[in-house]
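J.: Below is one structure. I have some questions about it.
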Amino acid sequence: MKKALVTGITGQDGSYLADFLLEKGYKVYGMVRRNSTENFERVEHLRYSIQFVQADLLDQMSLMKLIREIQPDEVYNLAAQSFVPTSWDQPVYTGEATGIGVTRMLEAIRYEKPDTKFYQASSSEMFGKVQEMPQSEKTPFYPRSPYGVAKVYAHFITVNYRESYDIFAVSGILFNHESPRRGKEFVTRKITDAVARIKYGLQDKLELGNLDAKRDWGYAGDYVKMMWLMLQQEKPEDFVIGTGKAHSVRDFATISFNAAGFDIQWEGEEMNERGIDVRTGKTLVVVSEKFFRPAEVHHLLANPQKAKDKLGWEPELSFEQLVQMMVEADLKRYEKISK
Ligand code: NAP
Ligand code: G4F
């Protein structure tokens with residue numbers, strides 16, 4: 001039985017990857033950091049199938065001990081301070097967890113089990129102020145946030161350990177991927193959660209920032225399989241994973257409200273733009289300055305050709321299906337609460 005250690009197991013991707021690896025017959029170890037209360041909502045259904053182990057990316061010795069004791073065949077490093085706006089408020093912490101934390105894990109592997117295969121969760125946020133359209137493995141990075149900068153460091157330290165110590169270490173440069181398990185501070189889930197709350201009369205309207213930002217959004221459940229596939233290749237290589245289609249935040253909001261039976265129309269410009277329900281004349285969306293960022297990443301679009309050719313990558317869920325799935329899940333959740 002192969003052993004996999006997954007960091008970030010309590011996060012969106014960790015929970016989907018654990019589902020996938022268990023189905024493949026792996027023994028899964030999920031790394032959790034110490035919290036005053038348990039935070040197992042996304043992995044509740046796997047509580048007795050995963051072995052939870054405690055360590056922290058900020059603590060070198062805890063990682064050494066983990067690798068020594070588990071002797072994993074594969075490590076998936078999904079843990080990070082992953083919310084871009086927080087990285088402006090806590091840039092040093094973000095650098096420690098999202099950047100240097102990766103070096104700590106690689107050092108633990110180098111000393112305790114150098115034949116472990118290592119997956120690093122790199123990000124399209126590294127492309128930032130994009131240098132070409134669409135973005136591939138060859139596109140130069142230009143990060144626009146402390147989070148993006150930390151991910152670039154993490155990316156290159158992974159390349160460096162591969163080249164210096166011959167560790168099977170790869171980065172998946174993943175574009176935004178979403179699901180009903182997405183954190184509610186990220187824009188997609190913020191929208192679908194608000195749509196459901198408005199539908200059940202629990203919220204009046206939704207405040208958003210830059211409606212013109214465009215992302216290449218895919219479904220998290222499709223993406224975790226690619227993480228695993230990257231570690232099953234003959235030689236370690238980095239891959240871009242995305243759908244090759246981008247949509248704006250405004251598009252995401254429009255489709256979400258439509259999916260819940262609202263008919264939204266956009267009026268006004270930039271800071272004064274509003275989303276109005278055509279049938280009732282009620283304002284559903286307002287733009288608020290507080291959600292704008294000091295430096296925006298305006299448009300991300302993947303060129304996933306390498307993954308298509310070498311990994312057989314083809315996303316199963318379309319953008320519209322993804323939005324529908326997220327809205328339905330949130331409607332169901334609030335239907336239960338409102339009864
Ligand atoms: P997420 O839901 O925010 O989960 C982050 C996980 O990291 C949580 O389990 C969190 O634990 C853990 N964590 C944070 N700091 C830690 C520390 N110091 N030590 C140990 N664990 C720590 O993120 P996600 O969306 O699943 O993303 C997974 C990874 O992919 C992240 O590295 C993210 O930056 C990267 N990524 C995500 C996307 C995307 O669109 N989702 C795209 C590209 C790259 P707690 O539950 O205790 O907070
Ligand atoms: O959903 P977001 O917060 O995701 P962002 O910043 O693209 O980061 C996510 O994807 C990265 C991959 O590229 C990951 F590495 C990272 O960990 C994370 O998962 O924001 C998306 C866009 C931004 O342009 C933002 O300005 O939506 C815009 N936006 C507009 N109004 C908003 C809002 N974002 C948030 N979070 N909240 C708003 O009200």
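J.: Within the set of pairs 6+ apart or on separate chains, which have a first residue in the range 203-214 that is within 9 Å of ligand 2 (Cβ to nearest atom) and open to solvent by 60 Å² or more (accessible area, probe 1.4 Å), a second that is at pLDDT below 95 and in a strand (DSSP E or B), and C-beta atoms under 7 Å apart?
T.: none
J.: Answer with yes or no whether Glu96 is near ligand 1 (Cβ under 10 Å from one of its atoms) and at pLDDT 95 or above. Working first, answer last.
T.: Working: near ligand 1 (Cβ under 10 Å from one of its atoms): yes; at pLDDT 95 or above: yes.
The answer is yes for Glu96.
J.: Taking the condition in a helix (DSSP H, G or I) and either basic (Lys, Arg) or surrounded by fewer than 16 Cβ atoms within 10 Å (Cβ to Cβ) (or both), does Arg144 pass? I'd like the intermediate steps shown before the answer.
T.: Working: in a helix (DSSP H, G or I): no; either basic (Lys, Arg) or surrounded by fewer than 16 Cβ atoms within 10 Å (Cβ to Cβ) (or both): yes.
For Arg144, the condition - in a helix (DSSP H, G or I) and either basic (Lys, Arg) or surrounded by fewer than 16 Cβ atoms within 10 Å (Cβ to Cβ) (or both) - is not met.
Per-residue answers, yes or no, for (1) within 27 Å of Trp88 (Cβ to Cβ); (2) open to solvent by 40 Å² or more (accessible area, probe 1.4 Å):
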| site | (1), (2) |
| --- | --- |
| Ala154 | yes, no |
| Asp166 | no, yes |
| Val170 | no, no |
| Ile191 | yes, no |
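J.: Under 8 Å by Cβ, and 6 or more places apart or on different chains, what pairs join a residue from the range 246-259 that is at pLDDT 95 or above with one that is among the charged types (D, E, K, R) and assigned to a helix (DSSP H, G or I)?
T.: Ile255/Glu320; Ala259/Glu328
J.: On to the next question. For the range 270-302, name all the residues that are part of a loop (DSSP other than H, G, I, E, B) and at positive phi.
T.: Keep residues of the range 270-302 that are part of a loop (DSSP other than H, G, I, E, B), which gives 273, 278-282, 288, 292-298, 300-301.
Answer for the range 270-302, where residues must be part of a loop (DSSP other than H, G, I, E, B) and at positive phi: just Gly281.
J.: Check whether at least one residue in the range 95-111 is on the phi > 0 side of the Ramachandran plot, touching a residue at least 12 places away in the same chain (Cβ under 8 Å) and not β-branched (Val, Ile, Thr), and report yes or no. Outline the logic, then answer.
T.: Filtering the range 95-111 down to residues on the phi > 0 side of the Ramachandran plot leaves none.
No: zero hits.
J.: While we're looking at this one, here's another question. Select, from Val32, Val6, the only residue that is out of contact with any helix residue (DSSP H, G or I) (no Cβ under 7 Å at 6 or more places or on another chain) and among the aliphatic types (A, V, I, L, M).
T.: On the way: Val6 fails: out of contact with any helix residue (DSSP H, G or I) (no Cβ under 7 Å at 6 or more places or on another chain).
It is Val32.
J.: While we're on this one: Which one of these does Gln81 not meet: (1) open to solvent by 30 Å² or more (accessible area, probe 1.4 Å); (2) touching a Ser or Thr at 6+ places or on another chain (Cβ under 7 Å)?
T.: Looking at each condition in turn, Gln81 falls short on (1).
The values are calculated or read from the model by the stated rules, or taken from the named source; none is laboratory data. Values in this document were obtained by computation on a predicted structure and should not be read as measured data. As a convention, Cβ positions derive from the backbone with ideal geometry for all residues, glycine included, and neighbour counts pool all protein chains shown. Areas reflect the complete protein model, heavy atoms only, side chains present, ligands, DNA and RNA absent. Shrake-Rupley method; radii C 1.70, N 1.55, O 1.52, S 1.80 Å.
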